[in-house]
Amino acid sequence: MNTSLPKIAVLILNFNGANDTLECLKSLDRCLYASFEVFLIDNGSTPPQLDKMSLDYSFPVHFYRSEKNLGFAGGNNFLLKKISESNEFSFVYFLNNDTVVDPLFLTETMNTISNDSSIGIIASLSLQYYNHSLVENAGHNFLRSGDFIPRGRDKIKESFNKTAETMGACSANALYRLKTLEECGFYDEKFFLNYEDADLSIRCIVQGWKCIYCPKSIIYHKVNVSISKIRDYNFNVRSQFNSLKAYYHNTPFLVLVFNFPFVLIKIFGVVLGNLLFLRFRILKTFLHGYFLLIKDLPNILKQRKIVLSKQKTSSWKIIKSQKGFLSVYFGYFKHIILNGNKCSYDK
């Protein structure tokens, strides 16, 4: 291991996915960055699966076991605390277990983040595992409707071959400065799973850190392998609520005011569209999420006060960085309502 290079901790969670995790670890054996260690938690798998993954690798691996599923947020926070206590690492890379990495994925993130001390987050290019020509995500887009969505989903990879500043990174494929996390806080464990990465990213951005998309850092993602094992109505409602919470937790007041008409248009469109086309389960999930938002409003306001007391990025910059939402929602409408395809809320 090259001790002159900044040391990276690669964090991986396993939940009943030993075969996927093994494939991920074996791909890391080909990684060309010479100073990283893996921290892996078996996050409530039944039966325990650590024995299936405890093989010999060309890099150090630290194995941990939680008897219960701590969620994506809690599992990563468990590992982050271990890393912080060691005082050995300067960077953390969050990597999903259902991924395979390009040998240069860490090298390229480090080349990018080393150029600017104000960069706190690097979003790698995540390509679809089963079709390497299509993008799974190239960071996050922040829409004027208050939504955080994967940037570039299902687009051809050649359209995203330039470095760019984005409004967040998917935590299946993101590098963070440990200093950024220690300054802005770790994951909010109340999210448990879904949109905890949007919440963390936008919090860091509001508090003055940049998020940069690095197209030369590539991973291949199977997408939702673990989520598919637990998706049900309650999961979908929590996802809807988490999306709203990430927005209202962190968005400055002036941005909320600017976005308000667009948020109303979105709500009206979703309610009317699903009523007209009798998609009552989707509508129920959507409205249930808003009910939970109202119920949790005192806690959200308390969190907002903490985040925005440290605001360094101007509201105007955030407004300019947002994207339109009509084309996105028309795509959903066409795919789900007009073409009759199922969305996650139908499952």
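The values are calculated or read from the model by the stated rules, or taken from the named source; none is laboratory data. Predicted model, so just to flag it, every value in this text is computed and none were measured. Cβ: placed from backbone, ideal geometry, glycine included. Neighbour counts: every protein chain shown.
Any idea how many residues of segment 316-327 are over 12 Å from Ile205 (Cβ atoms) and in contact with a helix residue (DSSP H, G or I) (Cβ under 7 Å, 6 or more places away or on another chain)?
Selection size over segment 316-327: 2.
Quick one: which helices (runs of 4 or more DSSP H) lie wholly within segment 12-117 and hold at least 2 residues that are crowded, with 22+ Cβ neighbours inside 10 Å, in the same structural domain as Leu181 (by TED's automatic domain parsing) and under 22 Å from the mean Cα position of the chain (by Cα)? Don't jump to the end; show me each part of the working.
Numbers: elements: 18-28, 50-53, 71-86, 105-113.
Here the list reads 18-28, 71-86, 105-113.
Matching residues to (1) aliphatic (A, V, I, L, M); (2) touching a residue at least 24 places away in the same chain (Cβ under 8 Å):
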{"position": "His249", "(1), (2)": "no, yes"}
{"position": "Phe253", "(1), (2)": "no, yes"}
{"position": "Val263", "(1), (2)": "yes, yes"}
{"position": "Phe268", "(1), (2)": "no, no"}
{"position": "Asn274", "(1), (2)": "no, yes"}
{"position": "Leu292", "(1), (2)": "yes, yes"}
{"position": "Ile300", "(1), (2)": "yes, yes"}
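Conditions tested, residue by residue: (1) among the charged types (D, E, K, R); (2) at pLDDT 95 or above; (3) closer than 15 Å to Ile113 by Cα.
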position: Leu178; (1), (2), (3): no, yes, yes
position: Leu193; (1), (2), (3): no, no, no
position: Lys210; (1), (2), (3): yes, yes, yes
position: Ser217; (1), (2), (3): no, yes, yes
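With Phe72, Phe94, Phe63 as the choices, which residue is touching an Asp or Glu at 6+ places or on another chain (Cβ under 9 Å), within 22 Å of Val135 (Cα to Cα) and not hydroxyl-bearing (Ser, Thr, Tyr)? Don't jump to the end; show me each part of the working.
Working: Phe72 fails: within 22 Å of Val135 (Cα to Cα); Phe63 fails: within 22 Å of Val135 (Cα to Cα).
The unique qualifying residue is Phe94.
Can you confirm whether segment 118-140 contains a residue that is surrounded by fewer than 18 Cβ atoms within 10 Å (Cβ to Cβ), under 24 Å from Leu181 (Cα atoms), at pLDDT 95 or above and touching a strand residue (DSSP E or B) at 6+ places or on another chain (Cβ under 7 Å)?
Of all residues in segment 118-140, those surrounded by fewer than 18 Cβ atoms within 10 Å (Cβ to Cβ) come to 118, 130-134.
Right, trim to under 24 Å from Leu181 (Cα atoms) and you get 118.
Now restrict to residues that are at pLDDT 95 or above: 118.
When the remaining residues are screened for being touching a strand residue (DSSP E or B) at 6+ places or on another chain (Cβ under 7 Å), the result is 118.
Yes: one or more hits.
Filter segment 171-189 down to the residues that are assigned to a helix (DSSP H, G or I), touching a residue at least 40 places away in the same chain (Cβ under 8 Å) and either acidic (Asp, Glu) or out of contact with any helix residue (DSSP H, G or I) (no Cβ under 6 Å at 6 or more places or on another chain) (or both) and list them by number.
Applying the first criterion (assigned to a helix (DSSP H, G or I)) to segment 171-189 yields 178-184, 189.
After this cut, where a residue has to be touching a residue at least 40 places away in the same chain (Cβ under 8 Å) as well, the list is 178-182, 184, 189.
Those that are assigned to a helix (DSSP H, G or I), touching a residue at least 40 places away in the same chain (Cβ under 8 Å) and either acidic (Asp, Glu) or out of contact with any helix residue (DSSP H, G or I) (no Cβ under 6 Å at 6 or more places or on another chain) (or both): Leu178, Lys179, Leu181, Glu182, Glu189.
Restricting attention to segment 304-342, which residues are among the aromatic types (Phe, Trp, Tyr) and either at pLDDT below 95 or in contact with a strand residue (DSSP E or B) (Cβ under 9 Å, 6 or more places away or on another chain) (or both)? Full working, then the answer.
Kept after step one, since they are among the aromatic types (Phe, Trp, Tyr), are these residues of segment 304-342: 316, 325, 329-330, 332-333.
Hits for segment 304-342 are Phe325, Tyr329, Phe330, Tyr332, Phe333.
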